[in-house]
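The values are calculated or read from the model by the stated rules, or taken from the named source; none is laboratory data. Keep in mind the model is a prediction, meaning the values are calculated, not measured. All Cβ positions, glycine included, derive from the backbone under ideal geometry; neighbour counts span all protein chains shown. Note: accessible area is taken over every heavy atom of the protein model, side chains too, but ligands, DNA and RNA are not part of it. Shrake-Rupley method; radii C 1.70, N 1.55, O 1.52, S 1.80 Å.
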Amino acid sequence: MYRKLVIQTIIYSIGFVFPRIVNYVFLKFFTVFFKREEFSLYTDMYALSFIVIGFLSFGLENTYFRFLYKKNSNKEIVFSTGVIIQLLISTFFLVISINLIKYLSLIAGYHHHSEYFFMFFFIIFFDTICVLPMAWLRANDKPVQYSTISIVNILIQSFLIIYLFYYSDNIFYGNKNTFFFFIFRWISSFTDKIGYIFFSNMISSLVNLFLVLPILLKKVTIKKFNKNLAIEMFNYGIPIMIGTIAFSINENLDKILIKRWVSDEINGSYSACYKIASFMSLYLRIFRLGIEPFFFKKSKDSDAIYFYEEIIYMFILFGLIFYVLICGNINIFMEFLIDKKYHVAIPIIPIIMMGNLFLGIYTNLSIFYKIIDKPIIGTYISLIGVLITFLFNAIFIFISTDNSFMIPAWGTFTSYGFMLIVLYIWGKKQFLQFCNKKIKNIVMHFLFAFFIVFMIRKKMELSFLLQFLYLIIIFFLKKKEHLVCS
């Protein structure tokens, strides 16, 4: 079982990591090509869209996995019902948003670029419809197909971006009678260079929909729609949806506010460095892709708690190693991935990365309330996190200066850290049974990682030595734990 799980996780990782690597390559290109205020517009549109996606997803991915592995569940009925719900919600959103596009773009401060919103409405529409078919591939152990679709998607998007930017820089050269130039001229007639990125994303999202269309056509029929099941899935998914929206607010409110309360230049720097900090999200997502379906499958077994504890403990350990290695070599990453004019926000990276690790641990521990069908617990905790985020951002607004962007970063750290502590205390009596000794080990690992990163920031010339020392000590500590357990 473990061998299969590891192989699947590796394949999923390829499909997930490769697109992100491509995005980081483009990050360097965008930060060189765009001014900081232009890069701010690019990241702001995605920040706004993620909050909308959190609403439209309706928690149906987690809901699908939960209902799929319930006793006596009909897999085809669960899938068809979920997809039809998602399709109805997404279609309603698209119709309403297109009709209100002028007002929405005006409110957001983009009255000169309503085409941005038009493209993003379709990106959101296509992407939300693809959520459950992609989840179906994971649930049916088809990591190759999943990864292939992801890779094809990013290759198409990359090709279009390169194509559009190439022609924008060579508009006065070459043959203007070609089909490719005609297409470029049509696209450039309604948007600018930032819009080229959004247009490329829209087309790749449409292709993604076409690639999963055979699954939809083959597996989804109105006859397999179950009204009672739909109500159950709806009720289960709403708390998860609220939690997802809360997560989106935690992740994106800072960037939305910095743009509007400080400046686009500062927001450009902050957003670029935030993307470097999201390296931790890569680790979290890779782990989740392979492990999450396993968690739900294993929930029926008597030894489920033991496996959950061991897997989560190893997740924390490797997450801290990842944290130390990234923070220890941050100057190298910054040099390769972001233009120097964006480096002003480097201090947020260790803070945001640790906050993301807290979130990853929280996400893994949250399995306990999902398998007992009480996602409302996650909703309450997420709302607590949002309140903390709002508090820090309110302080930021009150004293907003060019250097106050550290406040929202600490808000992210505090919000996710507090959510993790609340979840652990809440769940310990009901499900989580980490022994006191293991908790002490986890706290020790965290403090040691914090200390190493602090020392590296103070003594950059000793960075490699400190990282090596950290890995050696962790190896011996883990070996000692293994001997004690055995």
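Observations
- Scanning the stretch 342-355 for residues that are in contact with a Phe, Trp or Tyr (Cβ under 7 Å, 6 or more places away or on another chain) and surrounded by fewer than 23 Cβ atoms within 10 Å (Cβ to Cβ) yields one hit, Ile351.
- Any hit, the stretch 3-18, residues being surrounded by fewer than 16 Cβ atoms within 10 Å (Cβ to Cβ), at pLDDT 85 or above and in a helix (DSSP H, G or I): yes
- Qualifying residue in the stretch 22-42 (condition: among the aliphatic types (A, V, I, L, M) and touching a Phe, Trp or Tyr at 6+ places or on another chain (Cβ under 7 Å)): no
- Scanning the stretch 356-380 for residues that are farther than 20 Å from Phe65 by Cβ and buried (at least 21 other Cβ atoms within 10 Å of the Cβ) yields Asn356, Leu357, Phe358.
- One residue stands out in the stretch 45-77 among those that are in a helix (DSSP H, G or I) and among the hydroxyl-bearing types (Ser, Thr, Tyr): the one that is most open to solvent (accessible area, probe 1.4 Å), namely Tyr46.
- Verdict on Met202 being on the phi < 0 side of the Ramachandran plot and open to solvent by 20 Å² or more (accessible area, probe 1.4 Å): yes
- Residues that are buried (at least 22 other Cβ atoms within 10 Å of the Cβ) and either free of Cβ contacts under 8 Å to residues at least 40 places away in the same chain or of a type outside the set (A, V, I, L, M) (or both) within the stretch 131-143 comprise Pro133, Trp136, listed in sequence order.
- Qualifying residue in the stretch 166-175 (condition: at pLDDT 85 or above and assigned to a helix (DSSP H, G or I)): no
- Unmet criterion (only one of (1) more than 25 Å from the chain's Cα centre (by Cα); (2) more than 30 Å from Lys218 (Cβ to Cβ); (3) surrounded by 12 or more Cβ atoms within 10 Å (Cβ to Cβ)) for Leu104: (1)
- Checking the stated criteria, Phe120 turns out not to satisfy the condition of being over 27 Å from Glu37 (Cβ atoms) and either among the hydrophobic types (A, V, I, L, M, F, W, C) or not in a helix (DSSP H, G or I) (or both).
- The set of residues in the stretch 19-44 that are surrounded by fewer than 21 Cβ atoms within 10 Å (Cβ to Cβ), within 16 Å of the chain's Cα centre (by Cα) and not β-branched (Val, Ile, Thr) comprises Pro19, Arg20, Asn23, Tyr24.
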